[in-house]
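Bear in mind that the values in this text are calculations on the coordinates, not laboratory data. This structure is a prediction, so every number in the text was calculated from the model and none was measured. FYI the Cβ positions are ideal-geometry reconstructions off the backbone, even for glycines, and counts take in every protein chain you see.
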Amino acid sequence: MALFGSSEKKSEEKTEFMFDTESIVNQSTLAKDIKINGSLESTDYIDFSGHLTGTLKSTTINLKPGSYVKGTITADTITVEGEVDGDIQAKDIYIKSTAKIKGNIRYQNIDIQNGSIINADLFYSS
Amino acid sequence: MDENNTDMDENSTDSVGDEIQSTPIDNDAKAVNIGSGVRVDGRIEGAETSDISGTLTGTLKSSNININSKGAFSGDMSGQEITISGSVDGEINSEDYLIVNNSANIKGVIEYASLQVSYGARIQGTLRHRGSVQSYSPVSTDEVKEDEINENQEVDQ
């Protein structure tokens, strides 16, 4: 199942989000079976569980466990629970225990949970 | 009676003096503690716990390493359990777990098995996970094997 685009109403199932869902106006959810070759852009919140080769750009990106992104990810806030091979750029990056990252990470604030596997170059910018 | 008393007094004062002299302060804990404002330049090996609140430049090998918030280290450090709250410039090699607190400022190469970084910490450099298959690892694994062989030979002798 895949739900594309934006939903103006807060979905009842989405209560597990770490962000305040009340404030999310445009929220996109991409399910496990989604495979994208190219670029995906949004101005708000992306909840990503699929596979993507290319670029991913949004304000808030949540890469769920099982997700895979090869390419460039840019956002204000990124939460990584899946696998990333490429460049990550964000103001706030939260790396969870299930994350696996290879590549470059550009950040202002970073939070890493133990258990994550990171082989990357870190660049801090104020 | 009087003589006996004076003898006993002398004995007791002597024994007190001996006691003070015969209690040297041994540091069997293999602990290294570099206080705030103290600067050390050199190589520390075989330590169990190392608490650094001052400035240490050189090589540090210790099971437990704490670089406190006022502490500054530059050089190579290796240990099992490492906690960084201060500043580090160089190489960190952690066999077990590495905790980076929010006051930390790290520049260099970090090799880790388990890593936890608090929001606010600054890390500039390279992260390498131990156990991940990497193209640049054969040199270090050879060194480990040689060390293990040497240790085994020493045990045999």
Note: B:92-103 gets an average of partner chain Cβ contacts (10 Å, Cβ to Cβ) equal to 1
Taking only the alpha carbons of region B:38-119, the radius of gyration and the largest Cα-Cα distance, Dmax, both in angstrom, are 11.0, 32
A student asked for the Cα radius of gyration and Dmax of region A:25-101 in angstrom ought to give 10.7, 30
Expected sort for B:58-65, B:119-126 on mean C-beta neighbours within 10 Å, highest first, is B:58-65, B:119-126
Note: A:Ser97 to A:Asn26 extended length (0.36 nm per residue) minus current alpha-carbon separation gives 22.8 nm
Simple SL model, points at 7 angstrom along Cα→Cβ for B:Glu91 and B:Glu45; separation in nm is 1.5
Pseudo-spin-label distance A:Thr53 to A:Asn114, built 7 Å along Cα→Cβ, given in nm, is 3.7
Amide H proximity to A:Gly66 below 5 Å, modelled H, separation 5+ or other chain, gives A:Glu83
Using alpha carbon centers only, region B:95-124 is separated from region A:88-126 by a whole-angstrom value of 11
Each residue of A:99-112 has, on average, a number of other protein chain C-beta atoms within 10 Å of its C-beta equal to 3
Rounded to a whole number, the mean other protein chain Cβ count within 10 angstrom for residues of B:49-62 is 0
Treating only Lys and Arg (+1) and Asp and Glu (-1) as charged, each at its beta carbon, one finds that region B:26-106 has a dipole about its Cα centre, in Debye to the nearest 20, of 300
In the structure shown, of A:Lys57/A:Lys100; A:Lys35/A:Lys91; A:Lys32/A:Lys96; A:Lys96/B:Lys30; A:Lys70/A:Lys91; A:Lys91/B:Lys61, the pairs separated by more than 25 angstrom at the C-alpha atoms are A:Lys35/A:Lys91; A:Lys96/B:Lys30; A:Lys91/B:Lys61
